[in-house]
Structure formats: structure tokens, C-alpha cells
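Down below is the structure, laid out as C-alpha cells.
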Amino acid sequence: MKKILLLSNGHGEDLSGSIIGNEIRSFGHQVDAIPLVGTGSPYQEMGIKILIKGKDFSTGGLGYTTIRGRVREILEGQLIYLFKRIVYLLKVSNKYDFVVAIGDIIPIFSSWLCKRPSATYLVAYSAHYEGSLKLPWPCNQCLKSKAFKKIYARDDLTAEDLTKQLGRAVDFVGNPFMDALIVHQKRLPEADYRIGLLPGSRIPETEKNLLLILSVIELISEASLEGRTLKIDLALIQKIDDLRLAKLIQNTGWEIIINTREKTVNLMKKLHTITIRRRSFESTLKSSDLIISMAGTAAEQAVGLSKPVLQIAGEGPQFTANFAEAQRRLLGPTVFCAEGPTGTKKTLKTTAKMAIKLLKRIKTDKSFQNACKHQAQYRIGIEKGGQNIARSISDLLLD
């Protein structure tokens, strides 16, 4: 049995790390984790030990995307927080036989500093953004070192590009963040049309995103669906409980309806009803015909399930207009976004009209359905990525 240490830097990265770690344990190895950003809740849910307690910050580790965000990170002490975690990592890393870095330059560089045999899953980088990947310094130098025994890319295009750049094999064996969806079979009740709402997972951005999404939903005209039933489900994180949700929407005209007997929570405004789904993210994603998203990894999962995605650009720090545009380059032509300034009435109206159009297309347009399936395979790829990476790492440990 070998001791494996996982390093990751964000909620989506933690999710992939937890899936890889759980699969590595199935081969008989011990697995611990250090989430370099946030609390690492996916590790906790998977029962993987977190070596050092973390905390959430307002930028969710994405302050580098704007000058204001970077200043906020400094004022909140995030850089000092990260430095302390790296120092702790260096103290404990010699107790581990192997390190797995999941994410971008931060866990890669941290892993390189440990001088331990390592592997990395580059979930944060893709050649789909620009056609050829430009890794930030000193990522290239780290990945070319002998410490990194294996490099796993998030798609075929990136694997081919990096193999040429680094002069060594880079493998694509699937994306672990799809694994939980593949095994999850529960679906929501049937409806003519179903929309899933994904406001993201980072507090307080999630709350601002949700208010924007609600503004779009109230502009959707169900009359344009020609009498067909429309169900709308909101995949909401646990941190936004009923009390916090009620406070958030108190000046919007939306009302929260809690039915304790049926154990349901709905948001209602005039003729619109939204069902709150906590701990039902997979069911919401798999059952929806269209995803309205202000999320990162969740949008990637939606594309992997052959779902069309409609974005709403927000104020950030993550889901800004720039982030949304980059996500469309990453995930391809089945991801849509209305043109116009963020949050304006005109842009929101256009988004609502696009939602109806996309709902009808995914139900009736065979060429559009085939396009969604093609992009799922091309952008996200083969199944069981976590298992494939774990088996590959386990084989390395036996050498």
C-alpha cells in the first residue's frame, strides 16, 4: 500500500480530485488531500482525509481575473493563506510516496516544490481556448521535470498539443468530473419541457447569479410553448438554506413556498414556479432539456451529457462576460449567450427568448441533437475518467 497526497485548487478541481482519490483507494492505497483553495467539501463527502482545515474567500480563488479581485484577495489575506498552506505541504510531503496535482499552475508548482514523484490532471487548461495551449510560467518547466511521471489532459486536442510542446507523452483518458453523473440514474418526473438552473457554487457570487437567473425566468413566456408543460428546477448549494434564500429574494416579488408534509420548497412569482433541488444536482442535470448556467464545471458536465447550455454573464468574480466567452471557446457551439451589456433588461429579454427557442430545438431538431452529442464526445470525451487515471497511477506505483 502506498500513501498518496492530492492537491487541488477550486471546487471543480476538488470534485475531480475526490473522484480520482476514491478510485485510487479501490486499488488499496491510502489517500489524503490538501485543497489549496476553499474547504474541499467534495473530499469530505467522499470520506477522504483533509490534512489542513480550509476556508472560503469571497473571490473563490478567482481574484486574479480582475484587478479589483486581486486587490480583494490581498486585503482578505488569501496570498498569505496560500503561502502558509504551501509551507505546511512542504513539511508533510515527505511522508507520501506520490503526489497528484489537479488544476492549474498552483497545484502543479506546489507539487514540483515537494520533489516527490507526481502526476497531474490538467483540468484547467485546454487547447480549445486558442487552438494551441500557452501554459503560464513556470508550468512548462515543472511538467518537463522528471518528478512528473504522468500528465493527463482534459481532451484529445490538448493531449496532442502538449505532447508536441513538452516533448513527452501527455494522455487523455477521460474527465473524472463526469463519473458521478454516469453512475447516477435517478431522474425527475417527466415534463414536456424541463429547464435546469445552475447559479454556481461560490458564495456570495452564487446569490448574485441567482437573482439574475430569476430575472430571466420571469421574462419567459410559457404561452410560446403552445400549451406544453414547463418544469423549472434550481440546483442550489446547501449553504443557501431556506432562511437565507427567503432573505435574498424578499424584494424581488418572488415568494418561497415550503411544504413540510411533501418536503418540497418552491419559488413562485405570478405563473412561474421553480422547484428547489438541494442534493439533487445530478438528477437536475440529467433530467433537463436545457441548462441555464452561471457555473464552471457544471456547464462542462452539461455539455458532456449532450445538453445545450444557455449562459447568463454576471458580475463575477468568476462568471463574467470574459469568462463566459472563454467557456464558449472551451465547450463549443452548443453553448449560447445573449449579446449585450451584462444584466440589462434588453439582454435578459433576449436570454429568455433564446431559452424558448433552444427548448424547442433540442426536442425537434435532429441535427441540433446530433451536434450536442458530437460536442459531448469531442469536448469532454470518454467515460470513467477517474477510474482510468486512478488505474494508470496505481500501475505507476507498482513499477
Residues of segment 80-103 being assigned to a helix (DSSP H, G or I) and among the hydroxyl-bearing types (S, T, Y), in sequence order, are Y81, Y88, S93
Quick check: is even one residue across segment 51-74 at pLDDT 90 or above and over 19 Å from G200 (Cβ atoms)?
-> yes
Screening A299, A295, A326 for residues that are assigned to a loop (DSSP other than H, G, I, E, B), touching a residue at least 40 places away in the same chain (Cβ under 8 Å) and either outside the structural domain of P189 (by TED's automatic domain parsing) or closer than 19 Å to N175 by Cβ (or both) leaves only A295
Check on A313, within 18 Å of V216 (Cα to Cα) and either assigned to a helix (DSSP H, G or I) or without any contact (Cβ under 8 Å) to a residue 60 or more places away in the chain (or both) = yes
Can you find even one residue in segment 260-267 that is over 30 Å from F368 (Cα atoms), crowded, with 22+ Cβ neighbours inside 10 Å and either in contact with a helix residue (DSSP H, G or I) (Cβ under 7 Å, 6 or more places away or on another chain) or touching a residue at least 60 places away in the same chain (Cβ under 8 Å) (or both)?
-> no
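State all residues of segment 225-273 that are among the small types (G, A, S) and farther than 22 Å from K353 by Cβ; if no residue qualifies, say none.
To start, the set of residues in segment 225-273 that are among the small types (G, A, S) comprises 227, 235, 246, 253.
Correct list: A235, A246.
Select from segment 209-231 the residues that are farther than 14 Å from T252 by Cβ and among the small types (G, A, S) and write down the one among them that is surrounded by the most Cβ atoms within 10 Å (Cβ to Cβ).
Step one: list which residues in segment 209-231 are farther than 14 Å from T252 by Cβ, which gives 220-231.
Narrowing the set further to residues that are among the small types (G, A, S) leaves 221, 223-224, 227.
Working: S221: 10, A223: 9, S224: 14, G227: 7.
So the residue we want is S224.
Find the helices (runs of 4 or more DSSP H) located wholly in segment 124-196 whose residues include 3 or more that are among the polar types (S, T, N, Q), and list them. Give the steps one after another, and end with the answer.
Numbers: elements: 139-144, 156-166, 179-183.
Correct list: 156-166.
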Members of segment 188-208 that are buried (at least 17 other Cβ atoms within 10 Å of the Cβ) and in contact with a strand residue (DSSP E or B) (Cβ under 7 Å, 6 or more places away or on another chain) = L188, Y193, R194, I195, G196, L197, L198
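For every residue, the table says whether it meets (1) surrounded by fewer than 17 Cβ atoms within 10 Å (Cβ to Cβ); (2) modelled with pLDDT of 95 or more; (3) under 30 Å from I102 (Cα atoms).
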| position | (1), (2), (3) |
| --- | --- |
| V303 | no, yes, yes |
| P333 | yes, yes, yes |
| T351 | no, yes, no |
| M354 | no, yes, no |
Could you please find all residues in segment 357-374 being β-branched (V, I, T) and buried (at least 18 other Cβ atoms within 10 Å of the Cβ)?
-> I362
Could you grab the pairs with beta carbons closer than 6 Å, sequence gap of 6+ or different chains, first residue in segment 161-182 and in the same structural domain as Q141 (by TED's automatic domain parsing) and modelled with pLDDT of 95 or more, second one among the basic types (K, R) and assigned to a helix (DSSP H, G or I)?
-> L166/K144
How many residues, within segment 10-40, are out of contact with any Lys or Arg (no Cβ under 8 Å at 6 or more places or on another chain) and either of a type in the set (S, T, N, Q) or buried (at least 24 other Cβ atoms within 10 Å of the Cβ) (or both)?
-> 16
Could you grab me the full set of residues in segment 143-166 that are out of contact with any Phe, Trp or Tyr (no Cβ under 9 Å at 6 or more places or on another chain), surrounded by fewer than 21 Cβ atoms within 10 Å (Cβ to Cβ) and closer than 18 Å to G131 by Cα?
-> T163, K164, Q165, L166
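The values are calculated or read from the model by the stated rules, or taken from the named source; none is laboratory data. Since the structure is predicted, the reported quantities are computational estimates derived from the model, not experimental observations. No Cβ is skipped: glycine too gets one built from the backbone with ideal geometry, and neighbour counts run over all protein chains shown.
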